[in-house]
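The values are calculated or read from the model by the stated rules, or taken from the named source; none is laboratory data. Not measured: the values here are computed from a predicted model. Here the Cβ positions follow ideal geometry from the backbone for every residue, glycine too, while neighbour counts run over all protein chains shown.
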Amino acid sequence: MASEVVEMHLKLLFDLDNLLSDMDEPHYKEIGFKIEDEEKLSLSRARQDLLGKLPPEIAGIYERLRKRYQKAIAPVDNGFCFGCFQQLPTELLTRIKEINTCPNCGRILYWRRK
């Protein structure tokens, strides 16, 4: 599977996880959002679908990181991981076409398109 497709699936999975996490917050209901169980179940199914489209090793890394951190993937900007705010090694910055993890925090990295 092309790394661009894997990166896209990871970002979508990340967004879905954030949405599902927000739906569990009590403040979400207080500000007027009505959440039906069917809708939440549908989002959970979509999440499982996306997870199944990832290569098994990347899906495993993502799930392990999600248990450890609130955000399993982190953007890279100006050579810094925005998960742990550490500067990345120059050698890693040359491999932006590949799926990489931060050597410090382990989060899956993605480069913002400018």
(message) If Tyr110 meets every condition in (1) assigned to a helix (DSSP H, G or I); (2) touching a helix residue (DSSP H, G or I) at 6+ places or on another chain (Cβ under 6 Å); (3) of a type in the set (Ser, Thr, Tyr) apart from one, which number is that one?
(response) (1)
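Conditions tested, residue by residue: (1) in a helix (DSSP H, G or I); (2) at pLDDT below 85.
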position: Glu4; (1), (2): yes, yes
position: Leu12; (1), (2): yes, no
position: Asp17; (1), (2): yes, no
position: Ser21; (1), (2): yes, yes
position: Tyr28; (1), (2): yes, yes
position: Phe33; (1), (2): no, yes
position: Glu39; (1), (2): yes, yes
position: Leu43; (1), (2): yes, no
position: Ala46; (1), (2): yes, no
(message) Anything in the stretch 1-16 that is under 11 Å from Arg47 (Cβ atoms) and either without any contact (Cβ under 8 Å) to a residue 12 or more places away in the chain or surrounded by fewer than 11 Cβ atoms within 10 Å (Cβ to Cβ) (or both)? List them, or say none.
(response) Asp15
(request) Could you check how many residues of the stretch 60-104 are farther than 23 Å from Leu19 by Cα, in a loop (DSSP other than H, G, I, E, B) and hydrophobic (A, V, I, L, M, F, W, C)? (result) 5
